[in-house]
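Trainee: Structure in structure tokens, see below.
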Amino acid sequence: MMGLLVALQTATLIVLIVGVVLYVRQITRAVHDIGETLADVRKEVIPLAGDIRYVLVNTDGLVSSARTTVESVGRVAESVERLAEGKAIADAAGKVVASSRSTVVSIIDGIKEALKAFKSARPEPGESREEEPEREKESKDERQP
């Protein structure tokens, strides 16, 4: 009877050791997969951050140039109004300035919204690759009426 009990204990101990080894092996695989995923994310995020910086710098230049252009158009409109002293010419110039200002503001707002969408489209560090197609599918569903 004692021999049977020792054999059962030995068998149980062996099963436990094998189970622990298999469990540690699975954890090691998961950690390795996480490391590869983080390396892939890093490879994609670093160039993306550079592109975003480049776009933001160019956007600032575009806004500054557009603002200068709008101010120049405004000054030209004032000069035309003073020279011609005609109400029709002054009204037309004022409409052109207002139209160009609203167009520039709309373009700038569009660029800002595109940048926001661009930033929100990149995967979060905690997300896996398998969740990305679901997020893309959800964003396509949101865009459809």
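Derivation of every value follows stated rules applied to the coordinates shown; laboratory data play no part. Bear in mind the structure is a predicted one, so any value in this text is a computation, not a measurement. A quick note on method: Cβ atoms are made from the backbone with ideal geometry, for glycine too, and the neighbour counts reach across all protein chains shown.
Trainee: Full-extension gain between I107 and V57, please, as 0.36 nm times their residue separation minus the C-alpha to C-alpha distance. Could the numbers behind the result be given before it?
Mentor: Values: separation 50, 0.36 × 50 = 18.00 nm, distance 1.58 nm.
Fully extending the segment from I107 to V57 adds 16.4 nm.
Trainee: Suppose R0 equals 35 Å. What FRET efficiency, 1/(1 + (r/R0)^6) with r the Cβ-Cβ distance, do V6 and T37 give to the nearest 0.05?
Mentor: Numbers: r = 47 Å, r/R0 = 1.33.
That gives a FRET efficiency of 0.15.
Trainee: Between I14 and L48, what is the label-point separation in nm under the 7 Å Cα-to-beta-carbon projection?
Mentor: 5.1 nm
Trainee: Quick one: what are the phi-derived ³J(HN,Hα) couplings along region 10-23, Karplus 6.51/-1.76/1.60 with θ = phi - 60°, whole Hz, x for glycine and proline?
Mentor: Values, residue by residue: 5, 5, 5, 5, 5, 4, 5, 5, 4, x, 5, 4, 5, 5 Hz.
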